[in-house]
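In what follows, a structure is listed as structure tokens, so that the remarks can point back to it.
The values are calculated or read from the model by the stated rules, or taken from the named source; none is laboratory data. Given the structure is predicted, the values throughout are model-derived calculations rather than measurements. Glycine also receives a Cβ, built like all others from the backbone with ideal geometry; neighbour counts cover every protein chain displayed. To get the accessible areas, we keep the full protein, side chains included, count just its heavy atoms, and leave off ligands, DNA and RNA. Shrake-Rupley method; radii C 1.70, N 1.55, O 1.52, S 1.80 Å.
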Amino acid sequence: MAKQESLKEKTARGLLWGGFSNGIQQLLNLVFGIILARKLSQADYGMIGMLAIFSAIAACMQEGGFIAALNRKKEVTQRDYNAVFWMSIMTSVAFYVLFFITAPLIADFYSQPELTALARYSFLSFLCVSFSIAPRAYIFRNMMVRQSSIISIVSVLLSGIVGIVMAECGYAYWGLATQQIVFTLSVSVLNFYFSGWRPSLHIDLRPIREMLGFSSRLIVTNIVTAANTNILSVLLGRYYKVHEVGNFTQANKWNTMGHSLITNMLYSIAQPVLAKTDDDRQRQKHVFRKLLRFTAFVSFPVMLCLALVSEEFIVILITEKWLASAQILRVLCVAGAVMPVSYLFSNLLITRGHSSTYMWCTIALCAAQLLCVGLCVPYGIDSMVMAYTGVNVAWLGVWFAFAHDEIGLTLWEAVSDVAPYVLLSVAIVYATWLATSPINNMYASIVVKVLMVGVSYCVLLWLLRSTIFREAIMFITKKKIG
């Protein structure tokens, strides 16, 4: 029992640190995002948005699923970490050379000659981040959430300042590219500092072969996920104008900031905690259900509230020139609400060692997304975004089916864990929309809407005696978690 309590406290502490860290990061991203969006144009964001898929795919290849693979191993040695370190560097160099050579082809695909030089510069971030993979795996495996939080906050702060200074000096999209490079460089340096781990010059890649069976499937899966996440940017860049890509990129940025607040909290603890209960299926199911309830408890009110205030949020913060992105953001927030739940289900499959199942499920999801979004190209951006959102929501049923096979999670259990928070969030957001519709002042509207949703949600959860809500309050106020 003592061991279980220790794990419970560690999980709660990890979630608290993750929430604090991500809250600070998103606040910084909010401030920097407002300043940059006011100074830069839709076309500037569109140029960077067109390259997003290539950066994401390269990041998946160089990480190689090794962080998850090292986390699953019962015993990890210096030899294992060292092999991952050198493999990551060699992979990133190979990818940078490949993308450097093919940059003109990327520019031709989008009919934007300026992308050649921008791509070659932006992709330097591949080289920077490769140095952080092994020390980050060490921090992740040992649940060093506080250190990870400091790394993220400092990196966001430094890169944001650089981006703003360059935008002020008139460097346009070059400032956004530099911001990304500075961020990855800071992450690498700080991961080395806080992990305390150091590589050796002896290169022995034999441990990679032991991890490759598991990690190779994660590589494929992560590449497909990256392609799926950025498929709209690619199609928009191919068939629509640069400023329209910029509007989508802006909306997607704020949506990602919202749902990543929850997924990044889970990232620090979900896999390590589930891995520690892997030998006890019932206990793992109990831990998973608690994480599922917590995820729904946070994700749905946050994202649906963001959808509710999307127009006021966009116009007040980044001016009316971005108004077209507000409608896109409103729809994307629905997909953003289910993203953390999907992330938790996928982490369960990875922890259970079924990276192949995870891979094929993600490939099928990407195929469904591509088919539905592709069919909507002639009907405009709004139709494409709605198709993308619809497939993401529907795919929760597929994730549940695999969770049922792995830990015996029943449909009733999954629904009873998630539905109360979904229904309560939808009801409160709808009632707030009706009550505030007569308000014409945008500043008053956004304040009243956020307060109504937040206060109503907390009060109703307290009156309904929500266990997750009460445990969160108890932990924050330092009372004993029962």
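Quick check: is even one residue across the range 460-482 loosely packed, with under 14 Cβ neighbours inside 10 Å and within 20 Å of residue 303 (Cα to Cα)? Looking for residues that are loosely packed, with under 14 Cβ neighbours inside 10 Å and within 20 Å of residue 303 (Cα to Cα), one finds none in the range 460-482, hence no. Annotation: residue 305 fulfils all but one of (1) open to solvent by 20 Å² or more (accessible area, probe 1.4 Å); (2) assigned to a helix (DSSP H, G or I); the unmet one is (1). The single condition among (1) open to solvent by 50 Å² or more (accessible area, probe 1.4 Å); (2) in contact with a helix residue (DSSP H, G or I) (Cβ under 6 Å, 6 or more places away or on another chain); (3) at pLDDT below 90; (4) over 30 Å from residue 468 (Cα atoms) that residue 74 does not satisfy is (2). Would you check which residues across the range 181-199 are at pLDDT 90 or above and open to solvent by 30 Å² or more (accessible area, probe 1.4 Å) and list them? 182, 183, 185, 189, 190, 192, 193, 194, 198, 199 - these are the residues of the range 181-199 that are at pLDDT 90 or above and open to solvent by 30 Å² or more (accessible area, probe 1.4 Å). Look at (1) assigned to a helix (DSSP H, G or I); (2) surrounded by fewer than 19 Cβ atoms within 10 Å (Cβ to Cβ); (3) touching a residue at least 40 places away in the same chain (Cβ under 8 Å); (4) of a type in the set (A, V, I, L, M) and you find that residue 137 fails only one, number (2). One residue stands out among those in the range 424-459 that are over 21 Å from residue 473 (Cβ atoms) and among the small types (Gly, Ala, Ser): the one that is most open to solvent (accessible area, probe 1.4 Å), which is 437. Among the conditions (1) touching an Asp or Glu at 6+ places or on another chain (Cβ under 8 Å); (2) not in a helix (DSSP H, G or I), the only one that residue 112 does not satisfy is (1). Considering each of 57, 89, 53 in turn, give the residue that is at pLDDT 85 or above and not basic (Lys, Arg). Within the list 57, 89, 53, the selection yields 89. Does at least one position in the range 398-407 carry a residue that is closer than 20 Å to residue 332 by Cα, within 24 Å of the chain's Cα centre (by Cα) and of a type in the set (Val, Ile, Thr)? Checked the range 398-407: no residue is closer than 20 Å to residue 332 by Cα, within 24 Å of the chain's Cα centre (by Cα) and of a type in the set (Val, Ile, Thr). Quick one: which residue in 205, 304, 261 is on the phi < 0 side of the Ramachandran plot, modelled with pLDDT under 85 and not acidic (Asp, Glu)? It is 261. Restricting the first member to the range 387-412 and to residues that are under 10 Å from residue 345 (Cβ atoms), and the second to residues that are of a type in the set (D, E, K, R) and in a helix (DSSP H, G or I), the beta-carbon pairs closer than 7 Å and six or more apart or on different chains are 409/285.
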